[in-house]
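Asker: Below: one structure in structure tokens.
The values are calculated or read from the model by the stated rules, or taken from the named source; none is laboratory data. Being a predicted model, the structure only gives us computed values, none of them experimental. Positions of Cβ are generated from backbone atoms using ideal geometry, with glycine treated the same way; all protein chains shown enter the neighbour counts.
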Amino acid sequence: MAAAAVVPLLAYGAASLYSMRNGARDQVFKANQNIARRAAEQIDQYVSNNIRILRSIAANLQETGLQRWQQERLLRNSALRFPEFTELTLTDEGGTAIVTSRIGDATITIPGSDSSKVGDIMMSPFSIDDALLPTAILAIPVNASGSRLWLIGRVSLEELWRMVDRIRVGQKGFALVVTGGGRLLAHGEPESKSLVAQRLDMLQHPLLRPSAPKESAADGADEASGEYSDDWSTTQPHRNLGMIVGVSAGIPALGWKVLVEQPSEEAFAGPIKLQRQLSVAIALALLAMLSVGYFFGRSFINPILRLTRGTKALAEGKLDERVIVDSKDELGQLGTAFNNMADRLVELQDDLIKKERQATFGRVAVGLVHDLSNPIMNIGNACKMIVMSFDDMEYRQSFKRTVERELAQIKRMLDDLRNIAKPVPLESFPIDINKALAEVMESMQTSAATSGLTLESDLVGGPVFIKGDLFALNRVCRNLILNAFQATVPGGRVTVRTRRENEHALIDVADTGSGIPKDRLDTIFDDFVTTKKRGLGLGLAISKKVVEQLGGTIAVTSEVGTGTTFTLRFPLTLARPEQLAS
Amino acid sequence: MYGRGVQRRSRFRCRTFPRGWCGILPFLAFTFACSTATPAPSTPRKLTILFPEGTGDSANNGLAQIVSLLSQEGLTIIAPDGRVQPRLAESLKWSDDGLELSVTLRPNILMHDRKKLDASRAADILRRIIEDPNSRRMYPGLADVDAVKAEGERIIRFVVRRHAAWLPDDLSAPLSVPDPDNPKGIKFGAGPYQIVSNEGNTRVLQRFVQYYGGEPSIERVDLQSVETLRIAWASLLRGEVDMVTDLPPDTVELIRNPNVYIKSFSRNYQYLIAFNGRSRKFTDPRIRRALNMAIDRETIVTRVLKSSGLPATGPIWPKHWAYDPSAGSYKFDPGGASVLLEKSGLQVHASADESLPPARLRLTCLVPARFSIIEQIALEVQRQLLEVGVDIHFDVQPYDVYNDRLTRGDFETVMIDLVGGPSLSRASIMWRSPKRSDALPIFSYNNPVTEALFESLRISSNEANTRVDVRKLQQAFLESPPAIFLAWNDRARAVRSDFSVPGELGTDPLTTLWRWKTDKPDRPGDRMANR
């Protein structure tokens, strides 16, 4: 549910951030582009101004009838007034100097075939003069005294450098001016001014390559922008500025380009900071919303959770578990009802345990009385008889046997009680159950005969070895056979069988007795549970414990009126007769 | 340019004399360098210096000046305020009668020939300098010396015929002896660097490890002149060289960047247009005063020198301790100048040659070619003088021709970058009587007032009198100027910021070159060269 509430918000936030980031990037490019455009306009205007100055000087020479000295003064004064013109020379059509602003010989001539035309003015390609300033020769035709002359000016664009130096974008952004031929004219970054002297080929520049994406500005000038690494030059060491945001604006009249470069890190610092702040704000808002939701939700869900936990605890038998519900609403009432129910369950359990304990005690007491009364009574009777027949040697022998038998009976009963409380440790040796059962059955044939029963065996061929305690196994088998005798009316039959099934040895003790009702079959191996009228009901419980101690299982099938079969199952062992012997 | 250099020849020739006394400048600045001993060098390496021609001096003069600056020293050095400080000397002491100067040498000074510079050797060298007429003209204080005596190992005694106030100044003459095994004029000095090669436009100097001030850090200095500033700058910006010596003022700000720092310092040189005293055009001092009044010096300093200089209105170095700024100066007054010229009988009239403007006075000025600053100053002066009806025409000549004509006095006026300090003796040389043999009066300026004042200053024995005489001298030059004084100029040097350059602000960084340090490794080529 929380995710359903948060995910749309997050998606909206991410979309907003993305949109804002792109918008901010566009703004940076646009702002830098504007700077480049303005710089281009200024430079264009600056060069145009110089051209206008030359035109103006030419106009003063044009058919004004100035004498030579006046022309010379005009040129020299102009050179002083406009320091960009380091030389102004008037030549005839053949290029021979007539007057010059220089105090020595003229040094400039009409530009050659590599010049370009700006209106009626011829302009040589810009070069770098001795003072490292971009310099070009401009020439304009002048008509004077019926002849065609040329006013030639060497213009040194010192102000161009200053203009470019003044352009700063942020702390690290700067401008460059490049000619159409890829010649760097000015570089605003102090460390990179040497590139002007080094004649860096700017045609490799990402914004000046022929493949660079171009846009057309309103005035038709080519513009380009992009983000690129500062190591674009294969000949110059890069400046460790990382990525650069670069834009270019053209100066169509001159064929030059103004580039404005700024490290991306700085250019996008604002948007990145804003994005970061917005991310943090969104995260905080989300966190606040989740926190508020969590606390409100908890106050509502907590009682339910506590009730759930309490119910689970009760189911696990932890009847002392209670829930704390402070509210006065329906949930509070439900919590109170739950606690009342738990209290009632505890009372009922205590009552049940008490009754069970009383019943067990009663059953044990009845069994003990029964089991002990017979031997005690027999011993008592025998004691009375010995007084009368003390001289009878035969009777004395009989007395001795009677007392010994009854004491043995009492001792066995006490051993059973002790075994229930604390099982006797068993030893484990390979034993042949066929042999063991044969011995047990032989010893019990007399009892069977006395009870009018037939005790028969059906033992599988060959020895059947299991690991176990021979004495304990004999006791279990004897107990089962004895139970069978007791449950079978005279004329009945008790059969002991052995068989192999997979890797197990099975022993069946079956009788044709009265059988056990189905509803009691599940509890006949519990302590103090018996179907007999006498006894503590410990025989089967002890047998089960012994069998399980020997690694086996005991099961029972019974049908009332038909008989009962107990089946013991033990893992076969590979023990050899030699081992058995040893 | 003209007026600086260190070459002196046994036979006096005008074309060479200015170089010698102009070599004082390096020694001046060395005062600061010598003030403390240097610790052991860190990373010995080669330093390459480029001297761009056409920025202030000829290639030979420029190189010679720097070589002299680095390799030779005098007994004294003159501080920028004109005060004398000991250099190779430890102390100087006048006798009570003022006729004997005792100079005690520093102990354990070795010259580049590894021989000790003791009193006897120093006295020998000084006697040769004094006997040289050319030297006597460049160091007029030495002309008063009758005898030089060595006493013991370290004391040199100068016996003078009268009190010679300028003698301590002129003991700044660099002491050197010719290398007998080297036919190319290489000399042994006692400076921190020893010249080892003098070929074409290149000079190679090796550090002198036994320099008394301490072993220089930089092991070798390669000095080379190049044709243009652009070549020099491009080399510096590419990191191929470590220093460019002379920068025009208009390029300083443009080139400044974090890898190169610019060191500007005041020079005791001024641009002026000297009159030839033999020309009758300048006989009337009113004309000379008018010409000075017609000049807007502030415009020259601001526009042409880009504020790297000071207006000049006389030959006395304005930072000299005795200079009196209240003594007066020329104010820019073109109206007054025109009136004064009118009063001098100079009327504006048209020329028969229509290529010339109407003028009341036409002058020809000798100018060296290929000096852009001088050309710009010339244009400005020409414009300003024409405003008062003076048409000055510039006779531009290659440097050798210019120098030759200058020394022969073959000019009407001449534009020159001339030394004017820092001592009074330096200021006097050019403006003494043409008949004197202990001066270089190439401009033939003859003024009994200034001549008397110079003589008075030459024998002055107290500062108060000196101050009074200097004030009078300033005023006398204002009354009868020998030249159109224009501007004292600054000089700038560019050094790669790899180097740590000690020294006070405003002093020539070359004077402390022996104390420069760098932690940057040599360039591969340098390391090879150092092997």
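Asker: For the stretch A:175-193, does any single residue satisfy the condition of being farther than 26 Å from B:Ala232 by Cβ, within 11 Å of chain B (Cβ to nearest Cβ), surrounded by 17 or more Cβ atoms within 10 Å (Cβ to Cβ) and not polar (S, T, N, Q)?
Answerer: no
Asker: Just checking, how many residues over the stretch B:257-272 are out of contact with any helix residue (DSSP H, G or I) (no Cβ under 7 Å at 6 or more places or on another chain) and within 14 Å of chain A (Cβ to nearest Cβ)?
Answerer: Selection size over the stretch B:257-272: 1.
Asker: How many residues, within the stretch B:468-504, are aromatic (Phe, Trp, Tyr) and closer than 20 Å to B:Pro216 by Cα?
Answerer: At the first step, the residues of the stretch B:468-504 found to be aromatic (Phe, Trp, Tyr) are B:477, B:485, B:488, B:499.
Next, from what is left, pick out any that are closer than 20 Å to B:Pro216 by Cα: B:499.
Residues flagged as aromatic (Phe, Trp, Tyr) and closer than 20 Å to B:Pro216 by Cα within the stretch B:468-504 amount to 1.
Asker: A further question on this structure: Taking B:Glu354 as the residue in question, decide whether it is within 10 Å of chain A (Cβ to nearest Cβ), over 29 Å from B:Asp490 (Cα atoms) and in contact with a helix residue (DSSP H, G or I) (Cβ under 9 Å, 6 or more places away or on another chain).
Answerer: yes
Asker: Name the residue, out of A:Val155, A:Val99, that is closer than 25 Å to B:Trp233 by Cα, at pLDDT 85 or above and touching a Phe, Trp or Tyr at 6+ places or on another chain (Cβ under 9 Å).
Answerer: One residue alone meets the criteria, A:Val155.
Asker: Here is a follow-up. In the stretch A:322-360, which residues are among the charged types (D, E, K, R) and part of a loop (DSSP other than H, G, I, E, B)?
Answerer: Across the stretch A:322-360, the qualifying residues are A:Arg322, A:Asp326, A:Lys328, A:Asp329.
Asker: Have a look at A:Lys435, A:Lys467, A:Lys384 and point out the one that is in contact (Cβ under 8 Å) with a residue 60 or more places away in the chain, surrounded by fewer than 19 Cβ atoms within 10 Å (Cβ to Cβ) and farther than 18 Å from A:Ile542 by Cα.
Answerer: Details: A:Lys435 fails: in contact (Cβ under 8 Å) with a residue 60 or more places away in the chain; A:Lys384 fails: in contact (Cβ under 8 Å) with a residue 60 or more places away in the chain.
Every option except A:Lys467 fails the conditions.
Asker: Scan B:Pro502, B:Pro441, B:Pro434 and give me the residue that is out of contact with any Leu (no Cβ under 9 Å at 6 or more places or on another chain), at pLDDT below 90 and not assigned by TED's automatic domain parsing to the domain that holds B:Ala274.
Answerer: B:Pro502
Asker: Regarding A:Leu66, is this residue more than 27 Å from A:Pro252 (Cβ to Cβ), within 14 Å of chain B (Cβ to nearest Cβ) and touching a helix residue (DSSP H, G or I) at 6+ places or on another chain (Cβ under 9 Å)?
Answerer: yes
Asker: Right, something else. Which condition breaks for A:Leu138 when tested against (1) touching a residue at least 40 places away in the same chain (Cβ under 8 Å); (2) surrounded by 15 or more Cβ atoms within 10 Å (Cβ to Cβ); (3) not in a strand (DSSP E or B)?
Answerer: (3) is the only condition that A:Leu138 fails.
Asker: Restricted to the stretch B:342-365, and to residues that are touching a residue at least 60 places away in the same chain (Cβ under 8 Å) and assigned to a strand (DSSP E or B), which residue is farthest from A:Val99 (Cα to Cα)?
Answerer: B:Leu361
Asker: Taking the stretch B:284-335, which residues are under 19 Å from B:Ile374 (Cα atoms) and either assigned to a helix (DSSP H, G or I) or not assigned by TED's automatic domain parsing to the domain that holds B:Glu463 (or both)?
Answerer: B:Leu291, B:Asn292, B:Arg297, B:Glu298, B:Thr299, B:Ile300, B:Val301, B:Thr302, B:Arg303, B:Val304
Asker: May I pose another question? Go through the stretch B:352-371 and give me each residue that's of a type in the set (Ser, Thr, Tyr) and either touching a Ser or Thr at 6+ places or on another chain (Cβ under 8 Å) or within 12 Å of B:Val390 (Cβ to Cβ) (or both).
Answerer: B:Thr364
Asker: Out of the stretch A:74-127, which residues are surrounded by fewer than 19 Cβ atoms within 10 Å (Cβ to Cβ), among the hydroxyl-bearing types (Ser, Thr, Tyr) and more than 14 Å from every other protein chain (Cβ to nearest Cβ)?
Answerer: Within the stretch A:74-127, A:Thr96, A:Thr109, A:Ser113, A:Ser115, A:Ser116 qualify.
Asker: Considering A:Leu372, A:Leu319, A:Leu314, which residue is surrounded by 15 or more Cβ atoms within 10 Å (Cβ to Cβ) and outside any helix (DSSP H, G or I)?
Answerer: A:Leu319
Asker: Right, something else. Restricting to the stretch B:366-391, name every residue that is outside any helix (DSSP H, G or I), more than 27 Å from the chain's Cα centre (by Cα) and within 10 Å of chain A (Cβ to nearest Cβ).
Answerer: The first filter runs over the stretch B:366-391 and keeps only residues outside any helix (DSSP H, G or I), leaving B:366-371, B:387-391.
Remaining after also requiring more than 27 Å from the chain's Cα centre (by Cα): B:387-391.
Passing the criteria: only B:Asp391.
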